[in-house]
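Worksheet for the structure shown next.
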């Protein structure tokens, strides 16, 4: 084992140094002491040419992981030789009609092509290939593990084709038959383990044969067998994008609409660009292959760079499926950059990676298309705009005829460009370790897009929808009847037009190319029962409720077009500046939750109007989780719109502002108030359920000296939270030097404050020793006086020698949080909310999830807020989430993947980290890792990052959180992507109860927050009625939540022996788990007396044993009137 | 379970008498109380030695009156003190102790009028299960306790009075200290040292860790300022060398990190 480790350590980089180390050992006292010249050059090179030395090491590790090892290479070579020999040795077949299937059926092989229409002229005869060669990534050494498949190209002899076989899919059919014939012959060979068909790059015109060959060492290798014609089989100019090679007469049948076209003059016939490109692809393959091979030869940096790019693409799900940015494209693009001298052969892999992404992020593949062709533009070659007009992205190949990117739509390229831009941005954040972001994070479709929707397909729908497409029959002919592809492209175009500035990207989910057995029917795209699209929103415009069109005078052609597009939705409106514009108003509700779904309305409208997709077939996923933030208000009050609560937070803050003003105007305090800052989560927009106005004027309340008090036997009053506001006084030297005395003075301040607020501002107040409660607009604010002196006094320790030292105590830490850290955090996060309107709903949804899993007490709220803030401040590899549900998914994913052990989370609030901090924080973290808590969240105010993560979560708590997050994420993603029809999106908000030792069920009447519970259809008991808030109104019952009190009491009483779990938002159970070490036998000690009984062991030693029955008893006693029943799923 | 030889005898383990009690008749399991006479190195007036009984492991919902009920038969009780933790004297009721009491298992100090009250208590029989409540003295817990707790609203006048009283005492004490300091101003002690105080003519600065550190730093920074950088060839060489050493150190550190990541299989992208 040791030796193995040692071997592992000697990585590639070190190998170069090995020699150097030897020499240094000899002349240790050379110029630079411990290291050799070679090493120094290497270090300097790293400094100059790489991102950072860590990044360099990580990249080389990654390359080692994904590169194909020599052993495998040899195995592939050997398998290829064997296969090539077999294929070349195949005998000439009999002549069959193309439509003849009998000879294949006898071997139970199906042709791997959807044949539409079935009839076609011509004959097919199998001739052994003239040439078999290895091609693609294996030759270029750019293959990326795992699942490497080596491409093998067979050249079909020219004699197999008639000169006119390019017409009417005859070529494609013969090609498919050729593969089927090869398959039928290889079928029986001993070394062939398995034969499967699949579509190359998901293209239904292009079946390929996957051959699994057993190697000599009994391990098998997969090869992908392509069939291409010899280069000079057809003239390339025949396949110019604007020419027709599928005759309408044939495709649509004799009676079809194409009958009026002249068969011979194809220039009048509709072009078949996609079909043409397919044939060109095969024809140009060897030219392109050999060119690329020549260019990349002997440049290790380039091939490594391509590998990195491939990993990057694959993590983003960009390189697989029909119309993807395939690995052939990226390789060709690197070659293009090499041709244009943007890259050169001596560049290292990082330079290649970065330069390629940089030029991708600036590229435009429609107007300034790249081209591998170097000669003069021939007249027979299509120009760039001819390609573009077809609606493809353009990348011209070596021959100048073929568009390599012919399957890719411009919208898809926009995604690639967007991702490349994000990657460059991430690389420019030199201090964040972007390695994980670029290469190790998998961006699933669900997590990458703000809004996702599915369209359920039926054959009627497809037919109806395709009628909406211009020239649909021609395009159908071009695509060989694959209407799905046509529809998807059409939807992309319409949506990008309709959503315009609201979105950054629209992208369909690419269907993965499937494999099927050679005896099965080929896979048809029309089998798919739904299409999935994702939108990335531009948060600045996406939530506008109005689309303002052109000037609305009747003669304006633009206005006419606008009206035509939006139909009856568009109406002329007068704007503030007096002009009249055509405009579409999507919602009149000011609610954030409604505005977030404006895009949903637009999508549904456009799909119905322009794509023929009825509303009920569209399943929009955004907003599905909103119900978890919703409250069911029994609203007699029309003004109170709750939505997802953003507006309620604002209402609280408005009331707070008024209290703030009253406080500023206080005159009776001897010291003036220096700053006022709320510290309750609501002031950071992160209170899961912002307070509702307290109820007024119930008749049967009992009032004691201006306070409503709860009465036993009556139903419990509605819960009214008190929201803490810190009032920091100006500094003064007159504060006493004793903590107790300061507290007394503060109490006197509170008394004065309460008096003046009550007398001058007529606010109902309740004065306590440590705070004053004030009622304003139905909200209760808890005002607390603060001064920095108290903190200093609490920290002061005087040593024997008279030196004054400052040491943190438990009390000082708590006070510091309250008067310094929280006010600061609150104002910073309040600022973040102004920048990102989705922050509030996201953080509240995340908190809700944590609470509903009953782990609320394991992780402080502030820690959750900071993690979510991080997702907005440093959203890489995504853009900042614009919708709470995607925010929750990223939060869960972050929780699962972040390596808390090795990294501190650095939340750059307000960008206040200095350059030095960015390097010193991780360094200090590494040094002190053993003593730090399990999670470290560093902020510019708290550089060790321990403020909000001590004492919980502990390592085991963290593991539990991670486990819950992983499972929830898995469920949520599959709900959104596949089970969207039947899913109950509340599933991940229901905690499992079976692993608790004790489940305490609470009485419904004791649960004052029942209306917040996940499955509660309960209405909020009573709401504010529009009564005049009379003078002398009593204060409502404040912070009176018996369930929460009971839970806290259980924690403080039994905390040593058991852990308790509860959902503070209306949860009706408390779960309990025994602490393992508490249940063991203990020595007879005073500190261990509680809830233990003495037992005498064999040798007369007296031990203590936990008495679970009596604990159970006391839980019941303490919960009198609160607990319904206690269940023990397991034995006590 | 511990078995006693005699049914009517007390169970004494390592000096502690063990009692079985139940909260009420509805309780299923009994709770174990541990009693012993109070003894402490510090004597205090409230808890006279010999007349005070310590009871450990008192349930959290138990109040003074419940304990009175339990020990009613042992002798006349002067007072019951309930505390969250054992201590040598009654824990001082701070001005702020009434706010936010944290519930926990308690320790009770029961002061009897006569010493034999303690003796009687310590010889209570083990086998008899006793109750902490009856009809006249009920258990107050759960919802009822929470409601009662809420009803204890603060009395503003009392707060003001209490706080003012405390401050008056505090200021008086402060004044006296100051006076004493002033008197000692400039007066050398036995060894001839004069104490620098914060009053009087020669006010000394506060001697804190911070100021001490700053002083050291000041000296260091002054020394640094006067130094010439990269002036001599050897210095230049030195800086270059340290730069490379830094790079080297960082490289080594990174290598270590990468090794750790490799161990944790952090390089499998898919």
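Restricting region B:135-173 to residues that are more than 7 Å from chain A (Cβ to nearest Cβ) and within 26 Å of the chain's Cα centre (by Cα), the residue that is surrounded by the fewest Cβ atoms within 10 Å (Cβ to Cβ) is B:152.
Among the criteria (1) without any contact (Cβ under 8 Å) to a residue 40 or more places away in the chain; (2) closer than 26 Å to residue A:514 by Cα; (3) in contact with a helix residue (DSSP H, G or I) (Cβ under 7 Å, 6 or more places away or on another chain), the one residue A:106 does not fulfil is (3).
Suppose the filter is in a helix (DSSP H, G or I) and over 30 Å from residue A:55 (Cβ atoms); does residue B:216 pass it? Step through it out loud before you land on a result.
Numbers: in a helix (DSSP H, G or I): yes; over 30 Å from residue A:55 (Cβ atoms): yes.
When the stated conditions are applied, residue B:216 passes them.
Note on region A:751-834: no enclosed strands (runs of 3 or more DSSP E) hold 2 or more residues that are away from chain B (no Cβ under 13 Å) and free of Cβ contacts under 8 Å to residues at least 40 places away in the same chain.
Could you list, in sequence order, the residues of region A:711-725 that are assigned to a strand (DSSP E or B) and surrounded by 21 or more Cβ atoms within 10 Å (Cβ to Cβ)?
A:723, A:725
Within region A:1030-1076, how many residues turn out to be in a loop (DSSP other than H, G, I, E, B) and either crowded, with 18+ Cβ neighbours inside 10 Å or touching a helix residue (DSSP H, G or I) at 6+ places or on another chain (Cβ under 8 Å) (or both)? Residues flagged as in a loop (DSSP other than H, G, I, E, B) and either crowded, with 18+ Cβ neighbours inside 10 Å or touching a helix residue (DSSP H, G or I) at 6+ places or on another chain (Cβ under 8 Å) (or both) within region A:1030-1076 amount to 15.
What is the residue count in region A:1079-1101 for residues that are facing chain B (nearest Cβ under 9 Å) and more than 23 Å from residue B:85 (Cβ to Cβ)? Residues that pass the stated criteria total 2.
Scanning region A:726-750 for residues that are assigned to a loop (DSSP other than H, G, I, E, B) and closer than 28 Å to residue A:682 by Cβ returns a single hit, A:730.
A count restricted to region B:221-264 and to residues that are more than 10 Å from chain A (Cβ to nearest Cβ) and surrounded by 13 or more Cβ atoms within 10 Å (Cβ to Cβ) stands at 1. Residues considered: B:33, B:11. Of these, the only one that is facing chain A (nearest Cβ under 10 Å), surrounded by 13 or more Cβ atoms within 10 Å (Cβ to Cβ) and at pLDDT below 85 is B:11. Within region A:156-164, one or more residues are surrounded by fewer than 17 Cβ atoms within 10 Å (Cβ to Cβ) and outside any loop (DSSP other than H, G, I, E, B). Checking the structure you have, find out if any residue of region B:110-119 is modelled with pLDDT of 85 or more and part of a loop (DSSP other than H, G, I, E, B). Checked region B:110-119: at least one residue is modelled with pLDDT of 85 or more and part of a loop (DSSP other than H, G, I, E, B). Among the residues of region A:590-600, those identified as under 17 Å from residue A:538 (Cβ atoms), out of contact with any strand residue (DSSP E or B) (no Cβ under 8 Å at 6 or more places or on another chain) and in a helix (DSSP H, G or I) are A:592, A:595, A:598.
I'd like the residue in region A:1097-1130 that is assigned to a loop (DSSP other than H, G, I, E, B), touching a strand residue (DSSP E or B) at 6+ places or on another chain (Cβ under 9 Å) and modelled with pLDDT of 85 or more and, out of all such residues, is nearest to residue B:20 (Cα to Cα).
First, pick out the residues of region A:1097-1130 that are assigned to a loop (DSSP other than H, G, I, E, B): A:1097-1101, A:1107, A:1119-1122, A:1128-1130.
Add one more test, that the residue is touching a strand residue (DSSP E or B) at 6+ places or on another chain (Cβ under 9 Å), and what stays is A:1097, A:1101, A:1107, A:1119, A:1122, A:1128-1130.
The next check asks that each one be modelled with pLDDT of 85 or more; those that pass are A:1107, A:1119, A:1122, A:1128.
Details: A:1107: 12, A:1119: 22, A:1122: 27, A:1128: 25 Å.
Of everything passing the filter in region A:1097-1130, A:1107 is nearest to residue B:20 (Cα to Cα).
Looking only at residues in region B:36-58 that are within 14 Å of chain A (Cβ to nearest Cβ) and part of a loop (DSSP other than H, G, I, E, B), which one is modelled with the lowest pLDDT? Top of the filtered list is B:40. Find the residue count for region A:59-86, including only residues that are crowded, with 19+ Cβ neighbours inside 10 Å and touching a strand residue (DSSP E or B) at 6+ places or on another chain (Cβ under 7 Å). The number of residues fulfilling the criteria is 6.
Reported count of residues in region A:36-58, each being within 33 Å of the chain's Cα centre (by Cα), buried (at least 19 other Cβ atoms within 10 Å of the Cβ) and more than 10 Å from chain B (Cβ to nearest Cβ), is 1.
The values are calculated or read from the model by the stated rules, or taken from the named source; none is laboratory data. Note that the structure is a prediction, hence the values are computed from the model and not measured. Every residue, glycine as well, gets a Cβ built from its backbone with ideal geometry; the counts of neighbours run over all protein chains shown.
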